[in-house]
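To keep things clear, I will list the structure first and then write my remarks on it.
Since every read-out is calculated from the coordinates, none of them should be taken as a lab result. All of these numbers come straight from a predicted model, not from anything done at the bench. Positions of Cβ are backbone-derived with ideal geometry, glycine not excepted, and every protein chain shown enters the neighbour counts.
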Amino acid sequence: MTATPSEAPDSGTGARDSIAAAAPRDRKVTIDDVAARAGVSKSAVSFAFNGRPGVGEETKERILQAARELEWRPDARARALSRSRAQALGLVILRDPELVSTDPFFAQFVAGVESHLSTVGYALVLQVVDGQDAEKEAYSRFAREARVDGVFITDLRVDDERPSALAALGVPYVVLGSPEGEGSAPIGLDDAAGVRRAVRHLHALGHQRIAHVAGGDRYVHSRVRREAWESEMRRLGLEPGGVAQGDFTGGSGARATHELLDQTEAPTAIIYANDIMAIAGISAAIDRGLRVPQDLSVVGFDDIPLAPYITPPLTTVRQDVFRWGNACARTLVALIEEREHAPIDLPAVEFVVRGSTAKVPMPSETLPEGNE
């Protein structure tokens, strides 16, 4: 017979008060104090904090409330030793330092991850690397030194070798944004739906020359967004002719914008693969004497916190990166602890219309001086 933790009934407020008095503040509060205050066994407290089955939701909430009242948290080092775990998760980012420092995506994702890890006694080990060799070495060191219990794979690349390499190292992982990957517990959002909505919005405003500034071509999500733009253009009977390559940085967004506007038939609207490039594109267009959105409509992707406050406010595709990070953390911890995780419930991407898009300028309208 399998023993289950005792779930003795609540003994009443008066008993709780007397138990609280039994844990004087001149000594360290222990798991025994929490168990006594909640009216359960010590193993029930352990089960509740480790996310193991055998404790009902009402009892678990009583235990957590007792812990909060006594200001008690389980000792992370003791938990790690008892489980033979590092109590840490790894995130290796291979990106241009400029992008990591300026793109709020990473900060929002990490905040979402930490919002869960802080409640279960895990830490996040973050490394920013400058090449694939350094990236491989970081993963190998994680495994060799048992520094982390699992890792997050972001920026999935075309023909990415990381999932198979981590599987060979025996390191659990989750993949962000990929609909594929055996055993990878993929967690993603439908980027394509947001881009298709952007194309339809611009087409409804009368635009036909709708260009696209893509992100790095080696990234899966860049290709998904570019292919969604192209397929929706063709579905509407439009020729997807104007595309320029960026790398998600502001500098590349400005350069790509100038490249598109230098074409013989310049676009009347541009959809960018992220907000950073879109904001830089607006600045580049204004520098050329164009008005946004009267002469050029602009759409971004991500809905970063700055997007509503630029001039004009940016029309964009919104994704809840914070909740994405939280869901990834919950899934990876559950994978490491070999238990089922709660179903992933992420909101669909949302198209947000602001002031950077407008009806296509009529041929009779006169462009500002210098743009004839």
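Any idea what log10 I(q)/I(0) is at q = 0.17, 0.21 Å⁻¹ for region 228-372, Debye with uniform C-alpha scatterers and no solvent?
Listed by q, the Debye log ratios stand at -0.97, -1.31.
Please give me the summed charge of the neighbours of residue 234: other residues whose Cβ is under 14 Å from its Cβ, Lys and Arg +1, Asp and Glu -1.
Local charge sum for residue 234: 0.
When ranked by the protection proxy of mean other Cβ atoms within 10 Å per residue, highest first, what sequence do the peptides 292-302, 119-129 form?
Packing order, densest peptide first, comes out as 292-302, 119-129.
Can you give the net charge of the other residues whose Cβ lies under 9 Å from the Cβ of residue 162, counting K and R as +1 and D and E as -1?
The answer is -1.
Quick one: if you stick a label point 7 Å off each Cα along the C-beta vector at residue 309 and residue 158, how many nm between them?
Here the answer is 3.7 nm between the modelled labels.
Report, ordered by chain and residue number, the lysines lying within cross-link reach of residue 42, taken as a straight Cα distance under 22 Å and ignoring same-chain residues fewer than 8 apart.
28, 60
Once you place label points 7 Å from the Cα toward the Cβ at residue 294 and residue 262, how far apart are they in nm?
2.7 nm
For region 330-348 and region 85-153, what is the centre-to-centre distance using only Cα atoms, to the nearest Å?
Here the two parts' Cα centres lie 18 Å apart.
Relative to a virtual label point 7 Å from the Cα of residue 147 in the Cα→beta-carbon direction, which members of region 332-346 show backbone nitrogen distances below 14 Å?
Counting backbone N atoms under 14 Å from the label point, the list is empty.
Quick one: in region 145-262, what % of C-alpha pairs are over 22 Å apart?
So the portion of pairs separated by more than 22 Å is 46 percent.
Starting from the Cα-Cα distance between residue 128 and residue 362, subtract it from 0.36 nm times their residue separation and give me the gain in nm to one decimal.
Stretched fully, the residue 128-residue 362 segment lengthens by 79.4 nm.
Local charge sum around residue 212 (other residues, Cβ-Cβ under 11 Å, Lys/Arg +1, Asp/Glu -1)?
Counting the neighbours of residue 212, the net charge comes to -1.
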